[in-house]
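Structure, as structure tokens:
The values are calculated or read from the model by the stated rules, or taken from the named source; none is laboratory data. Values in this document were obtained by computation on a predicted structure and should not be read as measured data. A quick note on method: Cβ atoms are made from the backbone with ideal geometry, for glycine too, and the neighbour counts reach across all protein chains shown.
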Amino acid sequence: MSVTVRFAPSPTGFIHIGNVRTALFNWLYALQSGGQFVLRYDDTDVARSKTEYAEQIAKDLQWLGIEPHRVEYQSKRMASYDEAAQKLKDAGLLYPCYETADELERRRKIRLGRKLPPLYGREALKLTQEEKAAFDAEGRKPHWRFLLPNFESDPFTTKRTEIVFDDAVRGRQAVDLASMSDPVLIREDGTYLYTLPSVVDDIEMGVTHIIRGDDHVTNTGAQIAIFEAMGAKAPQFGHHNLLTTITGEGLSKRTGALSIKSLEESGYEPMAVNSLAVLIGTSENVFAVPDMAALSERFDIASTTKSAAKFDPAELDGLNETLVHALAFDDVKERLGAAGVDISDARAQDFWTLIVKNLKKVTDAGEWWPIIASAKASDATLEGEDLEFARSAFDYLPEGEISDQTWKSWTDTLKEKFGRKGRGLFMPMRIALTGRAWGPELADLLPLLGREEILARRP
Ligand code: GLU
């Protein structure tokens with residue numbers, strides 16, 4: 001059987017690392033099985049869905065290295081949903097309800113008062129044709145509920161009805177259809193909630209595996225019943241754990257917190273985001289995986305733990321640093337240019353080699369370029385005896401070509417002449433040469449500067 005998976009975001013905000021976990025689980029599953037990955041925008045909620053969000057999601061996935069084989073929009077597929085809804089209505093499985101939110105709330109309280117579970121009592125099923133016609137005549141619009149198959153012959157006498165499925169992550173799952181209310185599939189204004197369109201699409205798009213967050217486990221019970229009502233076999237499900245912030249709060253698309261867009265803009269490497277989004281909350285160690293192929297080798301959907309996993313931005317920093325240290329000049333050339341490094345300068349490549357170990361992000365290289373390009377970096381200053389020492393030290397710069405040995409022989413001489421050692425020797429020299437109190441190996445910096453530039457830095 002060829003595999004088809006889908007990532008189905010609602011374009012109602014910027015996707016975050018938690019959403020990306022779902023996207024990546026699907027993408028890696030498709031990679032492993034040679035399957036198809038469908039990007040499906042769940043945009044039936046017209047009021048909240050925005051084109052700019054859909055566009056940003058496409059950009060985010062591209063940046064992360066996810067390349068959908070097919071892109072679909074639910075908003076363009078209304079005819080299919082109308083047809084499916086009609087089929088369910090004809091079968092008596094989708095029924096009109098006229099209760100207002102207030103009425104429902106009142107009934108809920110009464111049921112709770114009677115120590116009954118606050119479920120919908122299917123009162124609308126008792127409405128006669130005349131009563132419905134009267135509501136319609138009043139201009140009251142119904143919402144439509146799916147009649148869950150949780151009874152034998154009388155819908156008002158429900159019985160425990162377990163929908164059992166073998167979850168690719170969580171193992172055997174059982175959802176009791178008698179423990180939930182008939183789900184609303186169509187709102188008063190005629191728009192669809194996500195539940196039915198999702199099933200219709202999964203059937204029509206030949207989705208074989210639904211991999212999504214474990215906040216959908218209960219939906220799955222109702223959706224399997226809808227698959228069956230539509231005469232289809234439900235796909236294989238896999239519900240992975242969700243990510244929370246470090247303090248345990250859920251990530252939200254609406255706040256833009258930890259959005260992929262913001263991570264990209266702050267200069268993170270996509271593979272740092274991918275590594276963390278996939279490996280966190282699994283039995284695998286989290287480490288910096290260099291590319292998607294290697295991540296797919298590592299990925300095992302069944303190794304996901306059941307509890308929520310905390311996303312720690314500090315962990316992302318660590319992974320990023322490791323990845324950055326392994327990047328070659330050609331990998332980063334363009335980004336260096338954008339960060340302010342003069343990549344047409346013959347020393348740019350050596351500069352990268354020199355500085356990369358000091359970087360947490362590629363863009364930080366821009367801040368270091370002045371130590372090569374200008375003699376005027378001045379974050380740290382020298383005074384007093386240190387200034388006197390550094391000034392005189394330049395008289396002892398060894399003769400001959402400046403090589404990676406120059407620093408050693410220069411400082412050997414300085415030790416002898418001035419009796420300085422350790423920090424007292426190196427720090428004034430570092431500040432004089434770079435204008436900063438920390439930075440790259442001075443032994444490597446000197447050949448890049450050359451004699452003239454070194455001498456020009458005498459304080
Ligand atoms: N649009 C739904 C969501 O973002 C998709 C759930 C699913 O994958 O079925 O939660």
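Check whether at least one residue in segment 243-255 is within 23 Å of the chain's Cα centre (by Cα) and among the basic types (K, R), and report yes or no. Scanning segment 243-255 turns up at least one residue that is within 23 Å of the chain's Cα centre (by Cα) and among the basic types (K, R). For segment 310-357, enumerate the residues that are in contact with a Gly (Cβ under 8 Å, 6 or more places away or on another chain), surrounded by fewer than 16 Cβ atoms within 10 Å (Cβ to Cβ) and over 30 Å from E249 (Cβ atoms). Matches in segment 310-357: G340 only.
Evaluation of E52 against the conditions (1) within 19 Å of Y192 (Cβ to Cβ); (2) surrounded by fewer than 17 Cβ atoms within 10 Å (Cβ to Cβ); (3) of a type in the set (D, E) shows that the sole unmet condition is (1).
Filtering segment 287-331 to residues that are assigned to a helix (DSSP H, G or I), among the β-branched types (V, I, T) and in contact with a strand residue (DSSP E or B) (Cβ under 8 Å, 6 or more places away or on another chain) leaves only I301.
Before we move on, is A91 without any contact (Cβ under 8 Å) to a residue 12 or more places away in the chain and either farther than 26 Å from T195 by Cα or surrounded by 11 or more Cβ atoms within 10 Å (Cβ to Cβ) (or both)? Quick ask: steps written out before the conclusion?
Numbers: without any contact (Cβ under 8 Å) to a residue 12 or more places away in the chain: no; either farther than 26 Å from T195 by Cα or surrounded by 11 or more Cβ atoms within 10 Å (Cβ to Cβ) (or both): yes.
It is false that A91 is without any contact (Cβ under 8 Å) to a residue 12 or more places away in the chain and either farther than 26 Å from T195 by Cα or surrounded by 11 or more Cβ atoms within 10 Å (Cβ to Cβ) (or both).
Can you say whether I431 is under 30 Å from A328 (Cβ atoms) and either at pLDDT 95 or above or not polar (S, T, N, Q) (or both), as far as the supplied structure shows?
No; evaluated as a whole, the condition is false for this residue.
Among the criteria (1) in contact (Cβ under 8 Å) with a residue 60 or more places away in the chain; (2) within 22 Å of S179 (Cβ to Cβ); (3) buried (at least 19 other Cβ atoms within 10 Å of the Cβ); (4) not aromatic (F, W, Y), the one G213 does not fulfil is (3). Taking segment 171-286 as the region of interest, the helices (runs of 4 or more DSSP H) fully inside it that hold 3 or more residues being away from the ligand (no atom under 16 Å from the Cβ) and modelled with pLDDT of 95 or more are 270-279. Of the residues making up segment 409-428, those that are over 47 Å from the mean Cα position of the chain (by Cα) and exposed (fewer than 12 other Cβ atoms within 10 Å of the Cβ) are E416, G419, K421. Listed conditions (1) over 26 Å from R111 (Cα atoms); (2) more than 14 Å from the ligand (Cβ to nearest atom); (3) without any contact (Cβ under 8 Å) to a residue 40 or more places away in the chain are all met by R160, apart from (1). Is it the case that segment 167-174 has a residue that's among the acidic types (D, E), touching a Phe, Trp or Tyr at 6+ places or on another chain (Cβ under 8 Å), touching a residue at least 40 places away in the same chain (Cβ under 8 Å) and farther than 23 Å from K87 by Cβ? Within segment 167-174 (the criterion being among the acidic types (D, E), touching a Phe, Trp or Tyr at 6+ places or on another chain (Cβ under 8 Å), touching a residue at least 40 places away in the same chain (Cβ under 8 Å) and farther than 23 Å from K87 by Cβ), the answer is yes, since at least one residue qualifies.
The set of residues in segment 112-124 that are assigned to a helix (DSSP H, G or I) and over 40 Å from the mean Cα position of the chain (by Cα) comprises G113, E123, A124.
Screening Q349 with (1) in a helix (DSSP H, G or I); (2) at pLDDT below 90; (3) among the polar types (S, T, N, Q) gives one miss only, at (2).
Scanning segment 122-134 for residues that are surrounded by 15 or more Cβ atoms within 10 Å (Cβ to Cβ) and out of contact with any Asp or Glu (no Cβ under 8 Å at 6 or more places or on another chain) yields L125, L127, K132.
Scan segment 36-48 for residues that are over 17 Å from D201 (Cα atoms) and in contact (Cβ under 8 Å) with a residue 24 or more places away in the chain and jot them down. Listed by number, the residues that qualify are V46, R48.
The single residue among A373, A443 that is at pLDDT 95 or above, surrounded by fewer than 19 Cβ atoms within 10 Å (Cβ to Cβ) and aliphatic (A, V, I, L, M) turns out to be A443. Restricted to strands (runs of 3 or more DSSP E) entirely inside segment 1-111, those with at least 1 residues that are within 16 Å of the ligand (Cβ to nearest atom) are 4-7, 36-41, 70-73. Does any residue in segment 1-27 that is closer than 17 Å to P235 by Cβ come within less than 6 Å, Cβ to Cβ, of a residue that is of a type in the set (K, R) and within 12 Å of the ligand (Cβ to nearest atom) six or more places away or on a different chain, and which pairs are these? Going by the 6 Å Cβ cut-off, the qualifying pairs are R6/R40; A8/R40; T22/R212.
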